[in-house]
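The values are calculated or read from the model by the stated rules, or taken from the named source; none is laboratory data. What you see is a predicted model; the values in this text were computed from it and never measured. Here the Cβ positions follow ideal geometry from the backbone for every residue, glycine too, while neighbour counts run over all protein chains shown. Accessible surface is based on the protein model in full, side chains and every heavy atom, while ligands, DNA and RNA are left aside. Shrake-Rupley method; radii C 1.70, N 1.55, O 1.52, S 1.80 Å.
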Amino acid sequence: MQLKKILAVCVAVMFLVVMAGCGGGGSSSSSSGSSDHKGIKVGVSMPTKSLQRWNQDGANMEAKLKAEGYDVDLQFAENKIETQVSQIENMVTKGCKVIVVGAIDGGSLSSVLDEAKAAGCKVISYDRLIMNTDAVNYYATFDNYGVGKIQGQYIEEKLGLKEGKGPYNFEITTGPLDDNNVVFFFKGAMDVLQPYIDKGQLVIRSGQNTREQCATPNWDEAKAQERMDNILTTYYTDAKLDAVLCSNDSTSLGVQSALKSAGYSAGHMPIITGQDANLPNVKAIVNGEQSMSVFKDTRALADQVVKMVDAIVAGQEPEVNDTSSYNNGVKVVPSYLLQPQFVDKSNYKKLLIDSGYYKESDLQ
Ligand code: GAL
């Protein structure tokens, strides 16, 4: 089962690499790209290979940068902060002109980025904001508050909360405390849902309603499952759970496993949200185990970041569209926010298959 999952992910990632290479208008080899960029080194530091999206992000970035002629150093840090720090240090030593970082812990990179700054490297924060340093130059991400809002609104609509329906039993599972995105995901969703909790239309039997209480370290699926197992056996032996806000797809899968062991089955699951439209989750949506996910097209994010790199290398200011939302504790980091979209059974074909993000056969 696990092997099947991993194989499916590998096939999808290989497909994306090929697609990204084609999309760049040439092969993914550096020799076919713009000769202006020949010999310019760009580092790409991704947090982990253990989640599908980061494999796609890394593969997209590498292919698009190579197609532009850059010399790319792509590294994955397996969710170990020390590994990410030493990989970035290496990129600085090798003379990378720009380093793109998807941080594991946004608060742990200040000293290595000081080294990068001193060496004249520019740093782009990728998807997650790097905190507490002035050595981060730009940020490219999706509207993270919007992600949470889409999840909250989905629950609001599917339960008929605006129409006054309820009370419904509701629980929350979010991500790690060291990922700044989680602050936005949580706030976006709770701004929609809190009024219904206050009115008693949503009832949280566990009483766990803060970001700290609902956190999942490292976005770890098994930890999300364990926490939901405990909640179900403690608070739901005599009651049905109607909705679970899950901040992303890995936590959503953990919650689904806990629910299945407690006797819930496809078609009779609570409303369950997610984020990333990872393959196992899209399958779960098609099978009626997960209600929705938030689709963040990693191809579009990679395109935007490559544009930023090009501008930096050309000595120009990269395009940004938000200069107020993302204060990292030291400065507001100029950001480019892309728009996330909800995906469920009704639109997954159009969004994910017709757009070439996945092939129909990936979902078999
Ligand atoms: C977040 C990211 C999400 C999700 C999660 C787990 O920072 O924005 O898309 O992938 O991490 O990796």
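Here is the P(r) of the chain: all C-alpha pair distances, binned every 10 Å from 0, give 5, 25, 33, 23, 11, 3, 0 in whole percents. The local environment of D71, defined by Cβ-Cβ distances under 12 Å, has a net charge of +2 under the rule Lys, Arg +1 and Asp, Glu -1. When the Cα positions of A262, V305, Q290 are compared along the charge dipole of the stretch 251-318, A262 comes out farthest toward the positive end, with charges on each C-beta of Lys, Arg, Asp and Glu. Just the protein heavy atoms count here, and of the accessible area of the chain at 1.4 Å, carbon and sulfur take up 50 percent. What separates the Cα centres of the stretch 321-364 and the stretch 262-282 is a distance of 19 Å. Ranked by solvent-accessible area (1.4 Å probe, protein heavy atoms only, all chains present), the residues T83, T323, T216 order from largest to smallest as T323, T83, T216. Taking each residue as 0.36 nm, the span from K331 to S346 lengthens on full extension beyond its C-alpha to C-alpha distance by 1.3 nm. Exposure check, 1.4 Å probe, all protein chains in place: K94 carries approximately 100 Å² of accessible surface. Overall, the stretch 144-296 carries a charge dipole of about 300 debye about its Cα centre when +1 sits on the Cβ of Lys and Arg and -1 on the Cβ of Asp and Glu, all other atoms neutral.
Can you give the FRET efficiency to the nearest 0.05 for Q316 and S86, using r as the Cβ-Cβ distance and R₀ = 41 Å? That pair, Q316 with S86, gives E of 0.85.
Counting only Cβ charges, +1 for Lys and Arg and -1 for Asp and Glu, the dipole size of the chain around its Cα centre is about 560 debye.
Please list, by residue number, everything in the stretch 268-284 whose backbone N is under 18 Å from a paramagnetic label point 7 Å out along Cα→Cβ of K199. Hits in the stretch 268-284 for K199 at 18 Å: none. Rounded to whole numbers, the Karplus 3J(HN,Hα) couplings from phi for the stretch 325-333 are 7, 10, 8, 9, x, 10, 7, 7, 8 Hz, using 6.51 cos²θ - 1.76 cosθ + 1.60 with θ = phi - 60°, and x at Gly and Pro. Near N218, once Lys and Arg are set to +1 and Asp and Glu to -1 for all other residues with Cβ below 12 Å from its Cβ, the sum equals -4.
Coupling constants for the stretch 71-83 follow from the phi torsions by the Karplus curve (6.51 cos²θ - 1.76 cosθ + 1.60, θ = phi - 60°), and in residue order they are 9, 9, 10, 9, 10, 10, 9, 6, 6, 10, 4, 4, 5 Hz; glycine and proline get x. With a 1.4 Å probe rolled over the protein heavy atoms of all chains, the accessible area of E82, E360, E156 falls in the order E82, E360, E156, largest first. In the chain, the calculated helix contribution to ellipticity at 222 nm averages -13500 deg cm²/dmol per residue, counting -39,500 (n - 2.57) for every DSSP H run with n ≥ 4.
Ranked by the mean number of other Cβ atoms within 10 Å of their residues, highest first, the peptides 329-337, 125-133 come out as 125-133, 329-337.
Using the Cβ of V42 as centre and a radius below 12 Å, the other residues enclosed give a net charge of +1, where K and R count +1 and D and E count -1. With the largest listed first and rounded to whole Å, the semi-axes of the equivalent ellipsoid of the stretch 223-325 from the Cα gyration tensor are 39, 14, 10.
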